[in-house]
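The values are calculated or read from the model by the stated rules, or taken from the named source; none is laboratory data. All of these numbers come straight from a predicted model, not from anything done at the bench. Ideal geometry is used to build each Cβ from the backbone, glycine not excepted, and the neighbour counts take in all protein chains shown. The protein model used for the area step is the full one, side chains on, heavy atoms only, and it has no ligands, DNA or RNA in it. Shrake-Rupley method; radii C 1.70, N 1.55, O 1.52, S 1.80 Å.
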Amino acid sequence: MRISIIGSGYVGTTIAACFADMGHEVVNVDVDAEIVNTINSGRSPIHEPGLDELLENHSGEALTATTDYDAVLDTEVTFLALPTPAREDGSIDTSIIEAAAETLGETLQAKDGDHVVTTKSTVIPTTTSETLAPILEAASGKTLGEDLHVAMNPEFLREGTAVDDFLDPDKIVLGTDSDAARKTLHDVFEPLIAETGAPVVDTGIEEAEMIKYANNGFLAAKVSLINDIGNICKEYGVDAYEVADAIGLDDRISARFLRSGLGWGGSCFPKDTAAIRAAAREQGYEPLMLDAATEINDRQPARLLSLLDRHVDVADERVAVLGLSFKPGTDDIRNSRAIPVIEGLQARGATVVAYDPVAADNMRKQFPEIEYVDSPEAALDSASAALVVTDWPEITALDAEFDAMSTPVVVDGRRAIDRRDGIVYEGLTW
Ligand code: UDX
């Protein structure tokens, strides 16, 4: 198939490279010429394991990038992979994807024959059919259901494992309302289905939009639930990880996503839970569970700091923050739990020294005033306390290094460090 993808961010670049690897001819359209040049030179504009290799293999052949929308005219299907950021009130901002749909529609005026436009971005239910489809129809002069078809195909890519997640999916969700769109998307994914046997969910467009929010909302709520239970465990001196290991043996619960601690960050869970909560309210429904999941998540950094307060007054003291990214394996600090932790330490008058294997440069943009060091040892040297925020391997391996602290108080937000003699240790939920 000849496929075009509008947007070459984290999702667009990953799916472009993977579609090319599946044997399709792919063109990635992006407004940023630097991104286009990076892809055409066989390098990835984002850090994702395996992506550079795919781009090196396919750039210039099965995969090209361009700033010119006209490239879509030589393709059969276009995926919209644009940012859908959160507004101040948490509601979704679809202005970028709407503008892309307008330009795509105008470009499609020159195309003879059918074209399928598939939303890849996370959008609230009805966006594809009620917002994007009318824009596309009006701008292209084509007729929905005749020579223009829309669809929705959500992604379930995790940062740090996006290529693997795409090439070995647990499901492929195809939201369509026409045979033409359904056939086209089946043709697109046929190589992956043949290769992996992944179950295909053929469903409606709105169902596909909602499946994405339900998937992320459920996972976020599962983490918040184990954090709620973990906080109760902490009050009783019970180890929440022993409890989680036991309940995880119930296959209705499963062992995954039961790691209690500082909770969830990143560019998806916070944005998606906020968007669907705002959308639900707009429909007149109060999403109590998702509200509670967010509230519990928002409280975890303060609980970590209150454990610190039990042992040391950090005013004018050097405090080490170990880990800055929202999870190991990425340099992404968006909604990282390190941000409220650093803010809380500053509010206590502490002098913060931060370590992260890859995310320091990103956090420096947010907190230029704090000290960043290149090793955990440098952060711990003469520190009066240490807070574990991200469970990088470089941090879970620490032990004797804590002996260099002036007062060895270690408050662990990620079950990264073992309790031992010689350190005053607090686990957030254990
Ligand atoms: C998530 C979804 O997993 C993915 O399907 C979707 O497409 C995008 O959002 P991602 O945000 O990259 O992916 O990270 P993920 O590995 O899901 O972790 C999300 C957050 O939950 C991280 O901050 C992580 O630290 C936290 N988490 C995860 C826990 O606190 N405990 C757990 O047991 C698991």
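The set of residues in the stretch 306-320 being in a helix (DSSP H, G or I) and either crowded, with 22+ Cβ neighbours inside 10 Å or in contact with a Lys or Arg (Cβ under 6 Å, 6 or more places away or on another chain) (or both) consists of 308 alone. Cβ-Cβ distance below 7 Å, separation of 6 or more or different chains: which pairs start in the stretch 85-100 with a residue that is within 24 Å of residue 28 (Cα to Cα) and outside any helix (DSSP H, G or I) and end on one that is of a type in the set (Ser, Thr, Tyr) and open to solvent by 20 Å² or more (accessible area, probe 1.4 Å)? Every condition considered, the pairs that remain are 94/131.
Can you say whether residue 226 is open to solvent by less than 20 Å² (accessible area, probe 1.4 Å), farther than 20 Å from residue 122 by Cα and of a type outside the set (Lys, Arg), as far as the supplied structure shows? Yes; evaluated as a whole, the condition is true for this residue. Among the residues making up the stretch 349-403, a single one is acidic (Asp, Glu) and in contact (Cβ under 8 Å) with a residue 60 or more places away in the chain: 391. Criterion applied to 263, 323 was being within 14 Å of residue 428 (Cα to Cα), surrounded by 16 or more Cβ atoms within 10 Å (Cβ to Cβ) and within 12 Å of the ligand (Cβ to nearest atom), and the one residue passing it is 263. Against the numbered list (1) away from the ligand (no atom under 11 Å from the Cβ); (2) assigned by TED's automatic domain parsing to the domain that holds residue 12; (3) surrounded by fewer than 16 Cβ atoms within 10 Å (Cβ to Cβ), residue 172 comes up short only at (3).
Only a single item in (1) farther than 17 Å from residue 13 by Cβ; (2) in contact with a strand residue (DSSP E or B) (Cβ under 9 Å, 6 or more places away or on another chain); (3) outside any loop (DSSP other than H, G, I, E, B) is not met by residue 130, and it is number (2).
Listed here are the residues, each with its yes/no results for (1) more than 24 Å from the chain's Cα centre (by Cα); (2) not in a loop (DSSP other than H, G, I, E, B).
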| residue | (1), (2) |
| --- | --- |
| 157 | no, no |
| 173 | no, yes |
| 181 | yes, yes |
| 202 | yes, yes |
| 206 | no, yes |
| 209 | no, yes |
| 212 | no, yes |
| 216 | no, yes |
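Before we move on, is residue 68 open to solvent by 20 Å² or more (accessible area, probe 1.4 Å) and farther than 30 Å from residue 213 by Cα? Criteria met by residue 68. Residues that are out of contact with any Pro (no Cβ under 8 Å at 6 or more places or on another chain), surrounded by 24 or more Cβ atoms within 10 Å (Cβ to Cβ) and hydroxyl-bearing (Ser, Thr, Tyr) were ranked within the stretch 78-127; the one that is farthest from residue 274 (Cα to Cα) is 78.
If you scan the stretch 23-50, which residues turn out to be open to solvent by less than 30 Å² (accessible area, probe 1.4 Å) and more than 24 Å from residue 267 (Cβ to Cβ)? Even if it seems obvious, please write down each step before you answer.
Kept after step one, since they are open to solvent by less than 30 Å² (accessible area, probe 1.4 Å), are these residues of the stretch 23-50: 24, 26-30, 36, 38-39, 42, 44, 48.
Answer for the stretch 23-50, where residues must be open to solvent by less than 30 Å² (accessible area, probe 1.4 Å) and more than 24 Å from residue 267 (Cβ to Cβ): 24, 27, 42.
Only one entry in 130, 137, 146 is open to solvent by 20 Å² or more (accessible area, probe 1.4 Å) and in contact with a Leu (Cβ under 6 Å, 6 or more places away or on another chain), namely 137.
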